[in-house]
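The values are calculated or read from the model by the stated rules, or taken from the named source; none is laboratory data. Everything quoted here is computed from the prediction, not taken from an experiment. Positions of Cβ are backbone-derived with ideal geometry, glycine not excepted, and every protein chain shown enters the neighbour counts.
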Amino acid sequence: MSSGSLSQTATIVALITRAKSLALLRTTPTRLVNLLQQALRAGPTAAKYIAILLLVLNVGSFPLMWHVRVWSVVFELRFALQWHKLTHFYLPKEKKRLALRDWYEAHLPIGVHPFRAVWAYKKTVVACLVPFFCFDDADFNLHMSNSCYAKALDSARIRIALATFPTIFRCGGWVPLAATHFHFIREIPMLTSYEVRISIGAWDGKWIWYVARFVKPPSKKSKSKAAAKTKAAVEHGIASGLAIANGVASATAQTRGEESERMIPSLTTPATPLVGMSGGTTPQIQIENVNGSSSAPDAVSRALLERAAKGTEPDGAVLYTVAVSQLCYKQGRITVPPALILASNGFYASPDASTAVTTFNVNGRSGDNNSPPAFPPHWPAVREVTQSMRGLAKFFAGGWRDVPEGRDGGSGSGRWWEDAFAACEAERKARLVPFVGSEAENGGVVDARRSGLSGGLEGVRGLAPV
């Protein structure tokens, strides 16, 4: 074969090879698509389940889920109110009014001692598909993220507001949140069930402090151990110390000597000085109680701080975090005294109140909720002022200042809201110490808020970078 024929053959082979390459390039995208389709056909079930699982695990972060968690309880109450009106439409006007009044009073903490009640909140199906914190609440350590405590506290706070002071919302008032403080004691592991227990810490002429405790509910075994410890303490005669350690002051004594002894808790003094929230040791102070006898409220605040430092609750629950919410009550732009709001919602410190703490859930009192409430002595005055929501709004907005000062013994002729808490006035001042500091730290005025939790933060606010 001649050299010319060989060159022609090579040229033809080269052209054929190039044509095949171009054809392969044209079909490559189609082949890749076919391979991807085959892969999807091979595992469609797994891909769908993974996508659905990711959506379910993060359902708590869906748009508007915060609003559902917070406002669902408001819609529940609205629906219950409309249902009550619908089922009582046939009654005469006066009986209908009384039935509606009884319905409102059934949702009030009537006769409840402000320092003897705890409101417990657990996550519901609406809040998160499971009764523990969700996947989207966890950080990279698989613990509950610090930012999610505030989210859970929002849901708990709205429920506590409707359970403790709903009357102010009926007349157009509102409750601004001034500050929130968190003390993280231990982490909440992932898939751990927990509850938020909120109680009233203290109040002064303007502010009220609510203390929220994130806890792991106790098991039956831990409950039995806690009950055994409490029984042993009572048998050994230190029940008064345990009561004050739970934030409970002693009952009024018959004599000044007995009263002074009861106000001092029988707690063991720690080996090192107890450091208060303001950074220094809590000084010894004297506060006059309602009968004029002096006591040591520093011992009460010391017991409260010692209890907060413990890892477990009296019932055996594991303590995770303590949060303090500082609020005030407003009618328009006017601040309403917390004592007035609490008393108008039924709170009452009875002189012979029990030291036992009553636990409430988000829907009301645990136990028999159908029993009639024990109306406090000032309740007729409350019913009179709440007959008209417009009149109640005017009363909250400043009309209460026209009421003559002095206690009235429940007759309604004086400042009945002051009389409602006369029996716990010494305890209220003692409980103020961790929040605003002692009298010694405030120049003799407890409400000055120069130290304590509020005063310390005000000092931090004034710090400027160097």
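Each row is one residue, and each column tells you yes or no for (1) at pLDDT 90 or above; (2) in a helix (DSSP H, G or I); (3) under 20 Å from ALA120 (Cα atoms).
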| position | (1), (2), (3) |
| --- | --- |
| LEU162 | yes, yes, yes |
| GLY172 | yes, no, no |
| SER199 | yes, no, yes |
| ALA202 | yes, no, yes |
| VAL211 | yes, no, yes |
| LYS223 | no, yes, yes |
| ALA226 | no, yes, yes |
| LYS229 | no, yes, no |
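Can you find a residue in the stretch 329-349 that is modelled with pLDDT of 90 or more, within 21 Å of SER199 (Cα to Cα) and surrounded by fewer than 20 Cβ atoms within 10 Å (Cβ to Cβ)? Checking the stretch 329-349: at least one residue is modelled with pLDDT of 90 or more, within 21 Å of SER199 (Cα to Cα) and surrounded by fewer than 20 Cβ atoms within 10 Å (Cβ to Cβ).
Condition check ((1) of a type in the set (Val, Ile, Thr); (2) closer than 22 Å to MET65 by Cβ) across all residues:
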| position | (1), (2) |
| --- | --- |
| LEU153 | no, yes |
| ALA163 | no, no |
| ARG170 | no, no |
| PRO189 | no, no |
| VAL211 | yes, no |
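Residues being within 33 Å of the chain's Cα centre (by Cα), surrounded by 14 or more Cβ atoms within 10 Å (Cβ to Cβ) and basic (Lys, Arg): count how many of those fall in the stretch 92-103. Selection size over the stretch 92-103: 0.
Looking across the stretch 119-153 at every residue that is surrounded by 15 or more Cβ atoms within 10 Å (Cβ to Cβ) and part of a helix (DSSP H, G or I), the one that is modelled with the lowest pLDDT is identified as PHE135. Going through (1) modelled with pLDDT of 65 or more; (2) surrounded by fewer than 16 Cβ atoms within 10 Å (Cβ to Cβ) one by one, VAL357 falls short only on (2). Every residue in the stretch 360-400 that is of a type in the set (Asp, Glu) and modelled with pLDDT under 90, please. Residue satisfying the conditions is ASP368 alone.
Pairs are defined by a Cβ separation below 8 Å, a sequence spacing of at least 6 or placement on different chains, a first member in the stretch 166-177 that is crowded, with 17+ Cβ neighbours inside 10 Å, and a second member that is among the aromatic types (Phe, Trp, Tyr); the pairs so defined are ILE168/TRP174; ILE168/TYR329; ILE168/PHE396; CYS171/PHE396; GLY173/TYR329; GLY173/PHE396; VAL175/PHE165; VAL175/TYR329.
Among the helices (runs of 4 or more DSSP H) confined to the stretch 1-91, the ones with at least 3 residues that are at pLDDT below 70 and surrounded by 10 or more Cβ atoms within 10 Å (Cβ to Cβ) are located at 3-42.
Residues in the stretch 190-200 that are buried (at least 16 other Cβ atoms within 10 Å of the Cβ) and farther than 22 Å from ILE158 by Cβ: 1 in all.
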